[in-house]
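Visitor: Below is the structure I would like to discuss, written out as structure tokens.
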Amino acid sequence: MAPFIHPLIDNGITRGIKDFPGGKLSCKCPADRVEVTLDGNVLNNHACGCSKCWKPKGALFAVIAAIPREQVSVTANAQNLQIVDSSVSIQRHACKRCGVHMFGRIETHHPLKGLDFVHVELSSEKGWQEPQFAAFVSSIIEQGFDPSGMNEVRAKLKKEGLETYDTLSPPLMDVIATFVAQQSSKL
Ligand SMILES: N[C@@H](CCC(=O)N[C@@H](CS)C(=O)NCC(=O)O)C(=O)O
Ligand SMILES: [Zn+2]
Ligand SMILES: [Zn+2]
């Protein structure tokens with residue numbers, strides 16, 4: 001059976017709309033949902049296989065995108081949010097009732113500070129930037145995926161047009177490495 005990558009990827013990726021103005025994300029509670037409003041489209045949308053990002057039930061990957069934090073606001077039921085793990089760089093604010101991650105935010109000195117991280121599948125609007133690549137692919141093994149199935153997973157991601165990486169994409173890794181070099185005055 002083909003691996004269950006993610007609902008936004010498995011049946012072919014739908015391209016986003018240029019100049020898409022943004023929209024609302026909602027958690028999965030039956031009522032009194034947490035709502036987050038995004039004032040613009042996302043960037044660097046990608047599949048992530050890491051253990052930290054929220055995934056829909058049964059999916060091997062999350063689909064997670066960045067957006068400037070100024071464009072993110074909690075517009076309903078903020079009292080239901082809690083930080084999943086405050087010891088990591090990205091503080092993921094999740095609904096404490098249904099568990100869905102509504103946004104991730106970095107508060108420490110970090111190369112990606114200023115960007116929030118969101119899951120556009122939580123929106124009913126269509127037009128968000130589509131996934132551009134797959135990151136932290138090998139990390140699915142750490143969560144129990146049989147390593148012998150990795151060729152099939154990578155082939156499926158590539159078939160859907162996503163280049164696969166075991167960290168982030170090269171441009172994002174370059175941003176992070178540049179930040180590190182600047183910290184030690186090597187650049
Ligand atoms: N192999 C690790 C990778 C975790 C990881 O480094 N995740 C990346 C992509 S989301 C990250 O930037 N994490 C920072 C964080 O979670 O704060 C895992 O699966 O837990
Ligand atoms: Zn909820
Ligand atoms: Zn991740």
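The values are calculated or read from the model by the stated rules, or taken from the named source; none is laboratory data. Predicted model, so just to flag it, every value in this text is computed and none were measured. Don't worry about glycine lacking a Cβ; one is built from the backbone with ideal geometry, like all the others, and counts go over all protein chains shown. With ligands, DNA and RNA removed, areas are computed over all heavy atoms of the protein, side chains included. Shrake-Rupley method; radii C 1.70, N 1.55, O 1.52, S 1.80 Å.
Visitor: Mind running the shape call on the range 69-117? Use the C-alpha gyration tensor, a ≥ b ≥ c as the square roots of the eigenvalues: rounded below 1.5 for a/c, prolate if a/b tops b/c, oblate otherwise. Numbers along the way, then the final one.
Guide: Details: a/c = 2.74, a/b = 1.44, b/c = 1.90.
It comes out oblate by the Cα gyration axes.
Visitor: Below 21 Å, Cα to Cα, which lysines can residue 57 reach? Residues fewer than 8 away in the same chain don't count.
Guide: Residue 57 reaches 28, 96, 156.
Visitor: How much of the accessible area of the chain, in percent, comes from carbon and sulfur atoms when a 1.4 Å probe is used?
Guide: Details: 5110 of 9690 Å².
Here carbon and sulfur together make up 53 percent of the probe-accessible area.
Visitor: Exactly which trypsin sites (Lys or Arg not before Pro) in the range 118-173 are in a DSSP loop and have at most 16 other Cβ atoms within 10 Å?
Guide: Values: sites: 126, 154, 156, 158, 159; in loops: 126.
Counting only loop positions with at most 16 other Cβ atoms within 10 Å, the trypsin sites (Lys or Arg not before Pro) in the range 118-173 are 126.
Visitor: Now for a separate question. Work out the charge dipole of the chain with +1 on the Cβ of Lys and Arg and -1 on the Cβ of Asp and Glu about the Cα centre, then indicate which of 13, 84, 138 is farthest towards its positive end.
Guide: 84
Visitor: Given a 10 angstrom Cα cut-off, can you work out which residue in 51, 26, 86 is the most mobile in a GNM of the chain?
Guide: 86
Visitor: A further question follows. Which FRET efficiency value, to the nearest 0.05, do you get for residue 17 and residue 183 by plugging their Cβ-Cβ distance into 1/(1 + (r/R0)^6) with R0 = 45 Å?
Guide: Working: r = 38 Å, r/R0 = 0.85.
After rounding, the FRET efficiency stands at 0.75.
Visitor: Would you mind working out the accessible area per residue for the chain, using a 1.4 Å probe, and quoting it in Å²?
Guide: Numbers: 9690 Å² over 187 residues.
That works out to 52 Å² for each residue.
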